[in-house]
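Here is the structure we will look at.
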Amino acid sequence: MTKIEDQVDAHVERLVNANLLKMSPYKVADSTGLLKLDAMENPFVWPEALQAQWLESLKSISVNRYPDTSATELVLRIRDKYQISDDCDVLLGNGSDELIQLIAMAVSQSGRPILAPEPSFVMYAMIAQFTGMDYVGVPLTADFELDLERMLKAIEAENPSVIFLAQPNNPTGNLWGDEKLKRIIEAANGLVVIDEAYIAFTDADYLHWLDEYPNLVVMRTFSKVGLAGLRLGMLFGHRGWIEQINKLRLPYNINSLTQHAASFALDHFDVFENQTQELCRQRKQLLQSLGNLPLVKVFPSQANFITVQLAKGDAERVHNALKEQGVLVKKLDGGHELLADCLRITVSTSDENKQLLDALAVSLS
Ligand SMILES: *Cc1c(COP(=O)(O)O)cnc(C)c1O
């Protein structure tokens, strides 16, 4: 190393907080040339006529100007689409990842931890770590159900500032049931966030629970319905919560192109809704087909992915064998202990699912 690099390292170690020095960055697998079934993206492209209309409409955007800081037009459409009452407000984030971060920042001074059942969405723990908060993970049962007694005990013992509940849960794909969720919200003396990233693929819908619970906010995203590249997350909550969390939002976090494209998409939302309906049909078929393969377990799913369990110690080998055949899925094994020997597969088009099934059959033989 050169002298200046040594000096840089010394400065960095002196200055950067110890927590951060220990962390590793969020890793995204290289998918070059692979069939991408690892990240719950919608595989469908826009119909050609719609795309042409969209491209034409982009001409009206002045990228030399800052975006509308309140995304007025888009927020109006979202309020209308989701029938948001006057008591509630909407906060937009650069993906719901950013909203999770803003929520954490808003309460990080409390000295109270973030709590979530686990395995769940990894960003809850990561964001706790880089906002300097403690994180408490409460294990699900072996079949990924919420362990209510354990949750209630942890809530009492830890007094969390925020509880994140992903419904359906990622990476387990299931819902935990209204009764258990209600018990948790009622027991919590902090904020409860229901993360509905996969709402489009299930009949469950917790948005109207806002009418009932003062300590609840609900989060959604456009990512899983076909607009992952836009980076648009939505936080719905009573005005008191949104007003405070909004103070932490950087003024221009939703860029002009995203505001415009999301508004455009909302005007044509039936296209995306039809696509998600098709993915729900494909999920049903894929669940059946996976059931015919020699897997240890295929977990039921209310989301656009399916988690499967392989024979003991097989995850690494099968993951690599799939990759060699051009298919990228997510290896969950090596994360949480309940996910040992598990892979997560994004539900895709009929053709792509067939490709996955063929490759998986080869990998398992
Ligand atoms: C994918 C996912 C998100 C992140 O969504 P973005 O809006 O793309 O940041 C949030 N929560 C859960 C549970 C997810 O699986």
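Table for the structure above
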| item | result |
| --- | --- |
| All helices (runs of 4 or more DSSP H) inside segment 60-131 with 2 or more residues being without any contact (Cβ under 8 Å) to a residue 12 or more places away in the chain | 72-81 |
| Residue within segment 200-220 that is within 16 Å of the ligand (Cβ to nearest atom), crowded, with 21+ Cβ neighbours inside 10 Å and in a helix (DSSP H, G or I) present | yes |
| Matching residues, segment 339-363, being in a helix (DSSP H, G or I) and either surrounded by fewer than 16 Cβ atoms within 10 Å (Cβ to Cβ) or under 19 Å from the mean Cα position of the chain (by Cα) (or both) | 339, 350, 351, 354, 358, 361, 362 |
| Some residue of segment 172-185 being within 19 Å of the chain's Cα centre (by Cα), under 13 Å from residue 118 (Cβ atoms), within 16 Å of the ligand (Cβ to nearest atom) and among the small types (Gly, Ala, Ser) | no |
| Cβ pairs under 7 Å, 6+ apart, first in segment 239-256 and touching a residue at least 12 places away in the same chain (Cβ under 8 Å), second of a type in the set (D, E, K, R) | 239/87; 239/89; 242/89; 253/98 |
| Filter pass, residue 297 being open to solvent by 50 Å² or more (accessible area, probe 1.4 Å), charged (D, E, K, R) and under 19 Å from the mean Cα position of the chain (by Cα) | no |
| Per-region count, segment 87-113, residues touching a helix residue (DSSP H, G or I) at 6+ places or on another chain (Cβ under 8 Å), open to solvent by 10 Å² or more (accessible area, probe 1.4 Å) and within 20 Å of residue 214 (Cβ to Cβ) | 5 |
| Selected residue (only one of 42, 64 is closer than 30 Å to residue 246 by Cβ and open to solvent by less than 50 Å² (accessible area, probe 1.4 Å)) | 42 |
| Among (1) in contact with a Leu (Cβ under 7 Å, 6 or more places away or on another chain); (2) at pLDDT below 95 - the single one residue 335 does not satisfy | (1) |
| Identity of the residue in segment 310-338, acidic (Asp, Glu) and within 25 Å of the chain's Cα centre (by Cα), that ends up farthest from residue 356 (Cα to Cα) | 337 |
| Residue, surrounded by the fewest Cβ atoms within 10 Å (Cβ to Cβ), within segment 300-332, restricted to residues that are within 16 Å of the ligand (Cβ to nearest atom) and in a loop (DSSP other than H, G, I, E, B) | 302 |
| Hey, residue 265 closer than 15 Å to residue 42 by Cβ, without any contact (Cβ under 8 Å) to a residue 60 or more places away in the chain and in contact with a helix residue (DSSP H, G or I) (Cβ under 7 Å, 6 or more places away or on another chain) or not | yes |
| Test: residue in segment 78-86 that is open to solvent by less than 30 Å² (accessible area, probe 1.4 Å) and farther than 22 Å from residue 250 by Cβ | yes |
| Residues of segment 89-112 classified as within 16 Å of the ligand (Cβ to nearest atom) and farther than 13 Å from residue 247 by Cβ, total | 12 |
| Subset of segment 221-232 [within 8 Å of the ligand (Cβ to nearest atom) and part of a helix (DSSP H, G or I)] | 223, 224, 228 |
| Qualifying residue in segment 172-180 (condition: under 28 Å from residue 248 (Cβ atoms) and at pLDDT 95 or above) | no |
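The values are calculated or read from the model by the stated rules, or taken from the named source; none is laboratory data. Source: prediction; values computed, not measured. Glycine also receives a Cβ, built like all others from the backbone with ideal geometry; neighbour counts cover every protein chain displayed. Ligands, DNA and RNA are excluded from the accessible area calculation, which covers all protein heavy atoms including side chains. Shrake-Rupley method; radii C 1.70, N 1.55, O 1.52, S 1.80 Å.
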